[in-house]
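Everything below concerns the one structure shown next.
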Amino acid sequence: MKILEATAGGRSYWHDKEHPETVFMDMRVEHDAGFTFEGYDIENCDSSHPGNYRILPDLQADYRNLPFPDGTFDLVVFDPPHLTTNNGMKKLSGIMQRKYGTLQAETWPRDLKLAFDELFRVMCDHATLNFKFNDYSIGFEQILNVIPQQPLYGTTIKSAKHETRWLAFNKPMEMRSE
């Protein structure tokens, strides 16, 4: 099985952070000793320097323009930034922006549409895409309007002011090679 983690960040929710069948990809590389969360309970800290959070992907690439052939992956995981700023990823400040990155306020719909098109393109015909998103800056209805198909299943009820949802998609029929 080949797995793509398209926005790996610090691999926070991965139990096996070195899973051998997974390509951990991110557009950022961050291992600067000055990038610290001292005093915060952040997962995946470097044990030799507690407080240093690292983003060290196997491959540095942009999820809107993937360097893989069509039909490469059996499973895709996509957890894009859920915060928006006027300058996107150009200047990140604060713990949440530094840890998770940001979407550009003016272009996020186009950027997420491009991402889904690319992720569906690199999926095998019967692959699954797991999508994680928090509605802090952008509501789920807005997100669902950008995605080119309905999810198969996932969180459907909002239980808090802001919440993280997981949704699952299959490759759209019109994009399959069979």
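Every number in this text was worked out from the coordinates using simple rules, so none of it is lab data. Source: prediction; values computed, not measured. Heads up, the Cβs are rebuilt from the backbone with ideal geometry, glycines too, and the neighbour counts pull from every protein chain shown.
Couple of notes before you dig in:
- Counting neighbouring beta carbons within 10 Å and listing from fewest to most, the residues 132, 171 come out as 132, 171.
- Once the Cβ-Cβ distance of residue 175 and residue 31 is raised to the sixth power relative to R0 = 35 Å, the FRET efficiency obtained is 0.45.
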